[in-house]
Amino acid sequence: MHSTSESRSPVDGEANARAPRAEAGDVASMSELGILYRAARKGLKDHGTDLAAAIAFYAFFSIFPLLLGVISVVGYFFESDVAQAQLYGSLNDILPGSADLVRQNLESVVRVRGPLGLIGVIGLFWSGSAGFGAISRGVNRALGAEGSRPFLLAKVRHFLMTVVVSIFLVLSVSVTAALEIVANLDLEVLARLGIEPGQISRFGGSLTGLLFAFLTYALIYKVTPYVGTRWRQVLPGAFLAAIIFELGKRGFLFYLSRLTDFSAVYGSLSSIIVLLLWLYLSALVLIFGAEYNIVRWRARMASGR
């Protein structure tokens, strides 16, 4: 994956060549905590909060066509009502605090428009790909990668990313549904083993959610840069971002239930504000993972590992 104007990744030695020797020495001797701290500082220096806000804005307008496309595709392979119920259940895990808002709007649209053909599904995914355009720009800004791709090529790449992430989501929903079926196959056997049926589905759902987040972050960090990257450069940040994302969901739900009341300030708009806030926090995690990848790789390059 190469740009027309650049051939080397900024996570290689090129970026370090511009750094002072003292800084390179500091980077080489950094601990893991030091890498995390430097990644956070670099994110602030790169205006990561502004990048996250832009990503959240585009993601807000992309999420509904994306999910409508997923519902339509799943309906081709599974019973429509069952597929929708499983997908709506997964929204609680993906969009904590705002799943009801998204579900109600999706149900209203599905009820009005009816089934879609292939062209309609492609149109939904094309509309949903705008969010990946913002993600691409944000990740490249974090990496310090300059340049761009031709407009049509970029749109096709973003569209394909939308399709792949949708496939990840469908697989995640399918695995979760399969675990629920397994958990209820023989309740007596589970009881003798001291396992409650709900434990299997809860643990499997958490593990599936973590895997879905990891694969999505890894895909973004590998495909979106304008310059070449290697899997070993992007996987650590993808894993870190997935862990933070999963822990962040629980912290965000605690914050909503115990520490604040958005409806007292925003009234009927509170659900929309919660959704925007979660998308913003998720985008911050995405940017931080990208910053972590480049700082960690610079440290490895400086230490000769």
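The numbers here are math on the coordinates, done by the rules we state, and not lab data. Everything quoted here is computed from the prediction, not taken from an experiment. Positions of Cβ are backbone-derived with ideal geometry, glycine not excepted, and every protein chain shown enters the neighbour counts.
Key figures for this structure:
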quantity	calculated
Ordering of 266-276, 123-133 by burial proxy (mean other Cβ atoms within 10 Å per residue, highest first)	123-133, 266-276
Computed magnitude of the charge dipole of segment 228-301 (debye, nearest 20; Cβ of K, R +1, Cβ of D, E -1)	460 debye
Per-residue Cβ neighbour rank within 10 angstrom, fewest leading, Tyr217, Tyr280, Tyr255	Tyr255, Tyr280, Tyr217
Neighbour-count order for Glu291, Glu246, fewest beta carbons within 10 angstrom listed first	Glu246, Glu291
Residue exposure sequence - Leu286, Leu51 - by fewest surrounding Cβ within 10 Å	Leu51, Leu286
Virtual spin-label span in nm between Val163 and Asp100, 7 Å along Cα→Cβ	3.7 nm
Segment 129-135 - phi-based ³J(HN,Hα) in whole Hz, Karplus 6.51/-1.76/1.60, Gly and Pro as x	6, 4, x, 6, x, 5, 4
Spherically averaged projected area of segment 200-305 from its Cα convex hull (nm²)	9.2 nm²
Backbone HN-Hα couplings from phi across segment 232-242 [Karplus 6.51/-1.76/1.60, Hz, Gly and Pro as x]	5, 7, 9, 5, x, x, 5, 5, 4, 4, 5
R0 of 22 Å, Cβ-Cβ distance Leu235-Arg41: FRET efficiency to nearest 0.05	0.45
